[in-house]
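The next block holds one structure in the form of structure tokens; read it before the comments.
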């Protein structure tokens, strides 16, 4: 993940759902340059933000052992633009897991109003397909999750805090 399109996790329940926020700010060039004169977050980046939450939700279900990638946007409906100063509240729910991937549904709300609805499909890359090895260095992935406050809010289905994940530890 080169860029974060989620600022912070606000909730994470293993195998169930995740929530997070994205602040829309003029200091991000993409906000100012996407639609000159009308600063807004490009809709594709709203998809990416929810895909980041959903991909982590799917990957965590497998203890970060699977190489999870966004495979398809099944549906994306936008009800209002995300403009400078907005805080988007993302929520993704795990719908289905299979041997080759999973699906999530996501919503974005702004000021209590539905902003977007999105259905996403994720696939698992098999070893030797496209790239060999993990998609991210374990330290990098762990660092990204720490920055987004994942470990602060993440719980299992019984409400217990998570232990360390073996796949997120460096092999030296």
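Each reported figure results from applying straightforward, stated rules to the coordinates on display, with no laboratory input. Quick caveat: nothing in here was measured; it's all calculated off a predicted structure. We place every Cβ from the backbone using ideal geometry, glycine too, and count neighbours over all the protein chains shown.
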- For residue 77 and residue 96, compute 0.36 nm times the residue count separating them, minus their Cα-Cα distance, and round to one decimal in nm. 4.8 nm
- Run the quick spin-label model on residue 62 and residue 32: label points 7 Å from Cα toward the beta carbon, then report their separation in nm to one decimal. 4.1 nm
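What translational diffusion coefficient, in µm²/s and rounded to a whole number, does the Stokes-Einstein relation yield for region 7-94 at 4 °C and a viscosity of 1.567 mPa s, taking the hydrodynamic radius as the Kirkwood radius over Cα pairs?
D = 92 µm²/s.
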- Task: Take the alpha carbon atoms of region 6-62, find their center, do the same for region 94-124, and report the distance between the two centers in whole angstrom.
- Result: 12 Å
- Message: Quick check: the angle from helix 138-147's long axis to the longest principal axis of the chain, C-alpha only, nearest 10 degrees?
- Response: 40 degrees
- Message: Using Stokes-Einstein with the Kirkwood hydrodynamic radius over Cα pairs, what translational diffusion coefficient do you get for the chain at 4 °C and a viscosity of 1.567 mPa s, in µm²/s rounded to a whole number?
- Response: 78 µm²/s
- Arrange the following residues from fewest to most other Cβ atoms within 10 Å of their Cβ: 153, 58, 24. 153, 24, 58
- Take every DSSP beta bridge whose two residues both sit in the chain, then give the antiparallel share in percent to the nearest 5. 95 percent
- Query: Highest mean first, what order results for 90-98, 67-75, 154-162 on Cβ atoms within 10 Å?
  - Reply: 90-98, 67-75, 154-162
- Provide the FRET efficiency to the nearest 0.05 for the residue 10-residue 158 pair, computing r from the beta carbons and using R0 = 22 Å. 0.65
- Between the helical axis of 43-61 and the dominant principal axis of the chain, each derived from Cα atoms, what acute angle in degrees is found, rounded to the nearest 10? 20 degrees
